[in-house]
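Peer 1: This structure is in structure tokens; I'll ask about it shortly.
The values are calculated or read from the model by the stated rules, or taken from the named source; none is laboratory data. Keep in mind the model is a prediction, meaning the values are calculated, not measured. As a convention, Cβ positions derive from the backbone with ideal geometry for all residues, glycine included, and neighbour counts pool all protein chains shown. What goes into the accessible areas is simple: the full protein's heavy atoms, side chains included, and nothing from ligands, DNA or RNA. Shrake-Rupley method; radii C 1.70, N 1.55, O 1.52, S 1.80 Å.
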Amino acid sequence: MEKTVYIIGHKNPDTDAVVSAVGYARLKNLLGYPQYKAARAGHLNPQTAYIFKKFDVPRPEYLPDLIPKVKYFMQNDVETVTEDISVWEAIARMEKSENRVMPVVDKDGHYLSLLHYSGFAKSVLTILNPEKKHRFSTTINLIQKTLNAQPIIIADDADKNFKASIHVGSSSPETFVRRLDAHASENIVVIASDRTDIHKICIEHKVKLLITTSGYVINKELRELAEKNGVSVIVSPYSTSPTSMLIAYSMPVSVMGDTEIKTVHINDTVSKIKELLSEAHCKYLPVIDDDNKVIGIISEHDLMKEPNIEVILVDHNEMSQAVEGIEHYTIQEVVDHHRIGAIPTKNPITFINRPVGSTATQIANLYREYKIPIPKDIAPLLLCGILSDTLILQSATTTDVDRETAEYLSNISDQDIKKLGNEILIAGSNISGRAAGDLVRQDLKEYTEGKVTYTVSQIEVGNTKEVLERKADFLKELEIEARSRKALFSCLLVTDITTLSSILFMSCDPKFNQFITFPQQDPDVYFLQGIVSRKKQLIPLLTEQVVNYLK
């Protein structure tokens, strides 16, 4: 089964991370690789949501985590059988498909039970036990199909289930009559060879079904009597002994299926289902969706295989910023423009990291390197990614490559750089009515330096008045964030897009206060003249302060 390769940005994704994932996935698809799919590791912030709505582009799939789940390991090409087919037909299908198990479903595909060979053996041995009456559920049509018998007379209710009482007509007529009389209240099925006397007794007693064996066909007189008495008659091509054995397999699979086997959901975690698998004697579990429809099966052996997904990371390369559970999967590539952090990989990978203003710049130029035209719906997204990450090409991170790429995308998409840039910055700068916690975590990144970690969030505003009025709320949320992560500090960079300067809210360990060198505006609030880039301006300054603290 071909893997799905998710192209995904960092947690709490910004516009650059999301549009880069979408743009790179489309490039991979255009290069002939349909298995690549864009994803996002968080909800869209207001700016990104505005962009996708403006250009009418579907949002990428939301993956809140990549903790190993059933859907990443299951077999999804499983064959099912409906509840009304015979056990014999089900076994034939299982042997043909080489499946050890087969889910039983109703006519709408909803799961009912699981067929497996140990269940077959147990049920058939129960039916064939000579100490017990041979009675089991079946239909006349299922018996006929199982025996591959020639129908002579078939009743109108041939598809109706009944409890069959099986008898072999091998005794004397007198003994056989007594046996039929003793079971008169039951739905009697008689297996007889070429004995006309037994055939006549069966028809006169109005048995449910008469099966002649070895290809023997009753005479015209008995046929007319059978039609008059409502007795169905079929001719088995086999002798009496194999016919008697085969008839047990005419039961509908609904009778034979194991209803004690637990189902698992496609989104159940692997850790959750391991105990269920160990308890299932067939070591397989059916996988269902929200509608209780079978979409796969999973076994203990499947969990030892490589998962059916791999990943490409865009706009980040540090494990602390990646979607939870990423360590369980093969990372194929990284496309980024930030500092290089610690990201262990199993194999050598493609790692593209250039000092430009946005990852979208690199994605756009990969189209050009591959000589693939940038689709009309992708070009404006990538342009928005560049303009968002570079504050309309005014950030200190902006390079000539960003400017040239933005101009190229502007011409393709027929979008004015200044007008579009202002539009998307305004869409993302309105914080009125939004909770301080949401704003702090909207674009939060975690960093590691030596033995300590810290987080840096960033928001952009039209002016800093409202933020300063809500200072206590923001500092409280930063304190919660730092405490929950056991971080040295958590801070929020609030960038004023009109003055191209920022203020910094910081909640930190008191021991770190003496190492902070920023101009203080208020307690735990600092003014950063001309600093607008978290990546290129703030992080290097913070890193220097943390290093001094660790000395």
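Peer 1: How big is the Kirkwood radius of region 466-551, worked out from every pair of different alpha carbons and given in Å to one decimal?
Peer 2: On the way: mean 1/r = 0.0752 Å⁻¹.
So the Kirkwood estimate lands at 13.3 Å.
Peer 1: Follow-up question, since we're still on this one. Can you send over the carbon and sulfur percentage of the accessible area for the chain, probe radius 1.4 Å, protein chains only?
Peer 2: Values: 12410 of 25180 Å².
Here carbon and sulfur together make up 49 percent of the probe-accessible area.
Peer 1: Report the net charge of residues surrounding I201, where surrounding means a beta-carbon distance below 13 angstrom and charges are Lys +1, Arg +1, Asp -1, Glu -1.
Peer 2: Details: positive: R178, R179, R195, K200, K206; negative: E174, D181, D197, E204.
Result for the local shell: +1.
Peer 1: Sticking with this structure for a sec: Could you calculate the contour length gain from N76 to D438, that is, 0.36 nm times the residue separation minus the distance between their Cα atoms, to one decimal place in nm? Present the calculation step by step, with values, prior to reporting the outcome.
Peer 2: Details: separation 362, 0.36 × 362 = 130.32 nm, distance 3.80 nm.
Contour length minus the Cα-Cα distance gives 126.5 nm.
Peer 1: Between G230 and residues 5 or more places away or on another chain, which pairs have amide H atoms under 5 Å apart, with H built 1.01 Å from N, and which residues are they?
Peer 2: It is none; the list stays empty.
Peer 1: I would also like to ask the following. Using only the Cα atoms of the chain, build the gyration tensor, take square roots of its eigenvalues as a ≥ b ≥ c, and label the shape rounded, prolate or oblate: rounded if a/c is under 1.5, else prolate if a/b is larger than b/c, else oblate. Write out the running numbers ahead of the final one.
Peer 2: Working: a/c = 3.96, a/b = 3.11, b/c = 1.27.
Prolate.
Peer 1: If I stretch the segment between V452 and Q150 completely, what's the gain in nm (0.36 nm per residue apart, minus their alpha carbon distance), one decimal?
Peer 2: Numbers: separation 302, 0.36 × 302 = 108.72 nm, distance 8.11 nm.
Length gained, V452 through Q150: 100.6 nm.
Peer 1: In nm, give the distance between the simple-model label positions of S214 and R178, each being 7 Å from the Cα along the Cα-to-Cβ direction.
Peer 2: So the label points at S214 and R178 sit 2.7 nm apart.
Peer 1: Determine the distance separating the Cα centre of region 161-235 from the Cα centre of region 415-478; give it in Å without decimals.
Peer 2: Cα centroid to Cα centroid, the span is 85 Å.
Peer 1: Set the bar at 32 Å for Cα to Cα. Now go through K69/K346; K3/K96; K274/K445; K208/K262; K145/K274 and name every pair that lies beyond it.
Peer 2: Numbers: K69/K346 20 Å; K3/K96 25 Å; K274/K445 34 Å; K208/K262 37 Å; K145/K274 40 Å.
Result: K274/K445; K208/K262; K145/K274 exceed 32 Å.
Peer 1: With the cut-off at 1.5 for a/c, could you classify region 184-326 from its C-alpha gyration tensor as rounded, prolate or oblate?
Peer 2: prolate
Peer 1: So what is the accessible area of the chain per residue, in Å², with the probe set to 1.4 Å?
Peer 2: 46
Peer 1: What is the Cα centroid distance between region 1-54 and region 488-539, reported in whole angstrom?
Peer 2: If you average the Cα positions of each part, the centres end up 31 Å apart.
Peer 1: Roughly how many nanometres apart are two label points built 7 Å out from the Cα toward the Cβ at Q35 and K371?
Peer 2: Between Q35 and K371, the simple spin-label model gives 2.7 nm.
Peer 1: For region 449-497, which chymotrypsin sites (Phe, Trp or Tyr not before Pro) are both in a DSSP coil and crowded by at most 10 other Cβ atoms within 10 Å?
Peer 2: Details: sites: Y454, F474, F489; in loops: none.
Hits after loop and neighbour filter: nothing returned.
Peer 1: Amide H of A38 versus every other amide H placed in the peptide plane: which residues, excluding those fewer than 5 positions away on the same chain, fall under 5 Å?
Peer 2: I7
Peer 1: Summing Lys, Arg as +1 and Asp, Glu as -1, what charge do residues with Cβ under 14 Å from the Cβ of K465 carry, K465 excluded? Please list the in-between numbers first.
Peer 2: On the way: positive: R470, K471; negative: E466, E469, D496, D522.
Once all neighbours under 14 Å are counted, the net charge is -2.
Peer 1: Going by the alpha-carbon gyration tensor, a ≥ b ≥ c the square roots of its eigenvalues, is region 347-487 rounded (a/c under 1.5) or, if a/c is not under 1.5, prolate (a/b greater than b/c) versus oblate? Please report the intermediate quantities before stating the final value.
Peer 2: Values: a/c = 2.80, a/b = 1.47, b/c = 1.90.
It comes out oblate by the Cα gyration axes.
Peer 1: Could you check the spin-label model distance between A342 and E279? Points 7 Å from the Cα along Cα→Cβ, value in nm.
Peer 2: 3.9
Peer 1: Further question: Name the aspartates and glutamates eligible as straight-distance cross-link partners of K471: C-alpha to C-alpha under 15 Å, and not fewer than 8 places from it in the same chain.
Peer 2: D438, E479, D522, D524
Peer 1: Report, in deg cm²/dmol and to the nearest 500, the calculated mean residue ellipticity at 222 nm for the chain, where each DSSP H run with n ≥ 4 adds -39500 (n - 2.57) and the sum is divided by the residue count. It would help to have the intermediate numbers written out before the result.
Peer 2: On the way: 19 runs with 193 residues, N = 551.
Roughly -10500 deg cm²/dmol at 222 nm, from the helical runs in the chain.
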